[in-house]
Ligand code: ADP
Ligand code: MG
């Protein structure tokens, strides 16, 4: 078979197993380059594009490839546009290891082959001090972590931990929503510590992987080895500790390791999607330890920071984009940095493979596709919350019997928005918003519609609330 034939088989499989949109954006533009035994090389436009594939579609790609070429199929990427400095490291990676990789983002690409050999890293009998593969992603550094008001505390605390060897932030607990840079910062701290002190045993691990390792150590009766291994590290970085929720067994062993390392004055760094206070189903004694050091929140970047992040990414990827396109993306993609990267990659991909010019029109198209897919599911509760927030009233007043004009109007607007933004029936809307019947809901909808037509001030009020809703 030729590379093209193999790729066609893959495309058939992928087309059946994903949406049209994803297929068109991410797979159709890929070009097969060569087939070497069971290893297929494909060409992607930029390093970002490749990272996106690896993060989001690795399993799909693997399944497609194994279907076409059999079990030990491999995949290599060739990046079309890559700036010279990064090229040797990022150009090529091999996929197709027998053990599925859990978190591909976080594995240093050039370390993959090496670490595959270590089957069970914690059974190393009789060795007191061993060198541990730190499992850090060398592409996540402080250099390319743009500072902004949203991340200043976390970034500087991270730097302090890495540079000054300060132990006053122990543990350092970094939390925030998805795509805001937790994994990036956590790795950057480790990379920086390694750079300053190469002899230190730094270990990065996701809580998911830690949990898996723990579980298999229990099955294999190697729980003690597991604990010893973790007690040996100098700097322990655990990503996404919210995975501890509801897992008492892992919490116990984690508590044990934490206490040991902390009393030995070893640095601990954790990330989580929630603050320690908001973590559910985690033992109190653990939560209180999380609060011993410093907790720093990562928030959504503001416009200026988004702009800087975009400019920096493009510079690193060697991609040129018109100012107005950059500005458009910075203004319109305000959720998180992962989304910004997704949009940039989409624009670059469309331009590179469909021979389109990168202009505002293309950016609008990519952004609107992206945003359409990211729309949250609105609920009556969400709408009530936003409306209450807008009118600065208590959410419980929706339920009150009051005929006060402001409350009645807030209720009516909420019903109108619930009708527009949710799939809830009129009965459900009525029940959730003030416990009203279906006729009242119909009446309210008419009132709001009429007012919207006649009263400009009212119309603007509703529009403002809608804008808040869209910002969620
Ligand atoms: P999280 O772990 O919080 O979900 P990640 O650390 O995976 O988020 O970040 C998502 C993407 O955004 C990564 O590619 C990361 O490099 C990038 N990123 C996040 N914050 C910044 C920043 N301040 N500057 C540059 N890139 C960033
Ligand atoms: Mg992460």
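I need the full set of residues from region 163-193 which are away from ligand 1 (no atom under 16 Å from the Cβ), at pLDDT 95 or above and closer than 18 Å to residue 136 by Cα, in order please.
Of everything in region 163-193, just one residue is away from ligand 1 (no atom under 16 Å from the Cβ), at pLDDT 95 or above and closer than 18 Å to residue 136 by Cα, namely 193.
Kindly list the number of the only condition in (1) touching a helix residue (DSSP H, G or I) at 6+ places or on another chain (Cβ under 9 Å); (2) buried (at least 16 other Cβ atoms within 10 Å of the Cβ) that fails for residue 255.
Here residue 255 meets the rest and fails (2).
Could you run through region 194-207 and say how many residues are within 13 Å of ligand 1 (Cβ to nearest atom) and more than 15 Å from residue 138 (Cβ to Cβ)? Explain how you work it out, then say what you get.
First pass over region 194-207, keeping only residues within 13 Å of ligand 1 (Cβ to nearest atom): 204, 206-207.
Right, trim to more than 15 Å from residue 138 (Cβ to Cβ) and you get 206-207.
Qualifying residue count for the region: 2.
If I filter region 183-193 for residues that are surrounded by fewer than 21 Cβ atoms within 10 Å (Cβ to Cβ) and either away from ligand 2 (no atom under 15 Å from the Cβ) or more than 27 Å from residue 335 (Cα to Cα) (or both), do I get at least one hit?
Among the residues of region 183-193, at least one is surrounded by fewer than 21 Cβ atoms within 10 Å (Cβ to Cβ) and either away from ligand 2 (no atom under 15 Å from the Cβ) or more than 27 Å from residue 335 (Cα to Cα) (or both), which makes the answer yes.
Applying the selection to region 403-427, what residues are out of contact with any helix residue (DSSP H, G or I) (no Cβ under 6 Å at 6 or more places or on another chain) and loosely packed, with under 13 Cβ neighbours inside 10 Å?
403, 404, 405, 406, 423, 425
Step by step: first the residues of region 428-459, then only those that are under 37 Å from the mean Cα position of the chain (by Cα) and part of a helix (DSSP H, G or I), then the one that is surrounded by the most Cβ atoms within 10 Å (Cβ to Cβ). Which residue is that?
Among those residues, the one meeting the criterion is 429.
Considering only region 142-153, I want to know if a residue exists there that is within 12 Å of ligand 1 (Cβ to nearest atom), over 19 Å from residue 234 (Cα atoms), within 18 Å of the chain's Cα centre (by Cα) and outside any loop (DSSP other than H, G, I, E, B).
No, every residue in region 142-153 fails to be within 12 Å of ligand 1 (Cβ to nearest atom), over 19 Å from residue 234 (Cα atoms), within 18 Å of the chain's Cα centre (by Cα) and outside any loop (DSSP other than H, G, I, E, B).
Output the number of the condition that residue 265 fails; it satisfies all remaining conditions of (1) surrounded by 15 or more Cβ atoms within 10 Å (Cβ to Cβ); (2) closer than 17 Å to residue 161 by Cβ.
(1)
When only residues in region 242-257 that are free of Cβ contacts under 8 Å to residues at least 40 places away in the same chain and touching a strand residue (DSSP E or B) at 6+ places or on another chain (Cβ under 9 Å) count, which is farthest from ligand 1 (Cβ to nearest atom)?
Of all residues in region 242-257, those free of Cβ contacts under 8 Å to residues at least 40 places away in the same chain come to 242-243, 245-249, 251-253, 255-257.
Filter again for touching a strand residue (DSSP E or B) at 6+ places or on another chain (Cβ under 9 Å), leaving 242-243, 257.
Working: 242: 12, 243: 13, 257: 22 Å.
Looking at the filtered set, the residue picked out is 257.
Only one of these is loosely packed, with under 15 Cβ neighbours inside 10 Å, in a helix (DSSP H, G or I) and out of contact with any helix residue (DSSP H, G or I) (no Cβ under 6 Å at 6 or more places or on another chain): 357, 381, 324, 377. Name it. Quick ask: steps written out before the conclusion?
Values: 357 fails: in a helix (DSSP H, G or I); 324 fails: out of contact with any helix residue (DSSP H, G or I) (no Cβ under 6 Å at 6 or more places or on another chain); 377 fails: in a helix (DSSP H, G or I).
When all the criteria are applied, what remains is 381.
Inside region 223-273, can you point out the residues that are within 16 Å of ligand 2 (Cβ to nearest atom) and in a strand (DSSP E or B)?
Within region 223-273, 237, 238, 239, 269, 270, 271, 272 meet the criteria.
The values are calculated or read from the model by the stated rules, or taken from the named source; none is laboratory data. What you are looking at is a predicted structure, and each value in this text was computed from that prediction instead of being measured. Cβ: placed from backbone, ideal geometry, glycine included. Neighbour counts: every protein chain shown.
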